[in-house]
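Asks: A single structure is presented below for examination.
The values are calculated or read from the model by the stated rules, or taken from the named source; none is laboratory data. Since the structure is predicted, the reported quantities are computational estimates derived from the model, not experimental observations. In this analysis, Cβ positions are derived from the backbone assuming ideal geometry, glycine residues included, and neighbour counts consider all displayed protein chains.
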Amino acid sequence: MTRLPKDLQDRIEVAFVDEETRRAVSTSLDKLWDGGINVGAAQLARAIVFLADGDVDKFWELRSRFMGDPRDLLCAANARLVNNEYWFSEPFSEMGPLKTDPGAG
């Protein structure tokens, strides 16, 4: 049973084409809930998937290093939001348009 929120599961389904990759991504992100990070697990997982944007190599790079500090990764992801008040703490559908989405500002 995964601890990933439904919106994140849906985003992974769309972003990563290969079933084996989706399973590996989901399993890896699920481990964020085991603790040891100074930000919310769902928040960090959303930011990683958002920044990777379907690029498997980028996902593994972000997942393994968190860019030195998870808060740095959140800042980088948040800078790409049109409405950047959410910091990936809300489901993707509640964040409004993302700068990488068609028609976003």
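Asks: Please specify each residue of region 1-22 satisfying the condition of being farther than 21 Å from ASP34 by Cβ and outside any helix (DSSP H, G or I).
Replies: PHE16, VAL17, ASP18, listed by residue number.
Asks: Within the group LEU8, LEU29, LEU4, which residue is closer than 14 Å to LEU73 by Cβ and in contact with a Ser or Thr (Cβ under 9 Å, 6 or more places away or on another chain)?
Replies: Details: LEU8 fails: closer than 14 Å to LEU73 by Cβ; LEU4 fails: closer than 14 Å to LEU73 by Cβ.
LEU29 is the lone residue from the list that is closer than 14 Å to LEU73 by Cβ and in contact with a Ser or Thr (Cβ under 9 Å, 6 or more places away or on another chain).
Asks: Sort out which residues of region 1-34 are closer than 18 Å to PRO91 by Cα and acidic (Asp, Glu), and write them in order of number.
Replies: ASP7, ASP10, GLU13, ASP30
Asks: Does ASP30 satisfy the condition of being touching a helix residue (DSSP H, G or I) at 6+ places or on another chain (Cβ under 7 Å) and not β-branched (Val, Ile, Thr)? Don't jump to the end; show me each part of the working.
Replies: Working: touching a helix residue (DSSP H, G or I) at 6+ places or on another chain (Cβ under 7 Å): no; not β-branched (Val, Ile, Thr): yes.
Answer is no for this residue.
Asks: Filtering region 44-75 down to residues that are assigned to a helix (DSSP H, G or I) and of a type in the set (D, E, K, R), which residue is surrounded by the most Cβ atoms within 10 Å (Cβ to Cβ)? Give the steps one after another, and end with the answer.
Replies: So the first thing to find is which residues in region 44-75 are assigned to a helix (DSSP H, G or I), and the list is 44-52, 56-68, 70-75.
Next cut, of a type in the set (D, E, K, R) only: 46, 57-58, 61, 63, 65, 71-72.
Numbers: ARG46: 27, ASP57: 8, LYS58: 13, GLU61: 14, ARG63: 19, ARG65: 11, ARG71: 15, ASP72: 12.
Only one residue tops the list, namely ARG46.
Asks: Then there's this: So which residues in region 35-62 are at pLDDT below 90 and over 20 Å from PRO91 (Cβ atoms), if there are any at all?
Replies: Within region 35-62, GLY35, GLY36, ASN38 qualify.
Asks: Quickly run through region 1-43 and pick out the residues that are touching a residue at least 60 places away in the same chain (Cβ under 8 Å), surrounded by 15 or more Cβ atoms within 10 Å (Cβ to Cβ) and out of contact with any Asp or Glu (no Cβ under 9 Å at 6 or more places or on another chain).
Replies: Answer for region 1-43, where residues must be touching a residue at least 60 places away in the same chain (Cβ under 8 Å), surrounded by 15 or more Cβ atoms within 10 Å (Cβ to Cβ) and out of contact with any Asp or Glu (no Cβ under 9 Å at 6 or more places or on another chain): PRO5, LEU8, ARG11.
Asks: If you don't mind, there's one more thing I want to ask. In a loop (DSSP other than H, G, I, E, B), surrounded by 15 or more Cβ atoms within 10 Å (Cβ to Cβ), at pLDDT below 80 and out of contact with any helix residue (DSSP H, G or I) (no Cβ under 8 Å at 6 or more places or on another chain): is that true of GLY103 in this structure? Steps first, please.
Replies: Details: in a loop (DSSP other than H, G, I, E, B): yes; surrounded by 15 or more Cβ atoms within 10 Å (Cβ to Cβ): no; at pLDDT below 80: yes; out of contact with any helix residue (DSSP H, G or I) (no Cβ under 8 Å at 6 or more places or on another chain): yes.
Against the criterion (in a loop (DSSP other than H, G, I, E, B), surrounded by 15 or more Cβ atoms within 10 Å (Cβ to Cβ), at pLDDT below 80 and out of contact with any helix residue (DSSP H, G or I) (no Cβ under 8 Å at 6 or more places or on another chain)), GLY103 does not qualify.
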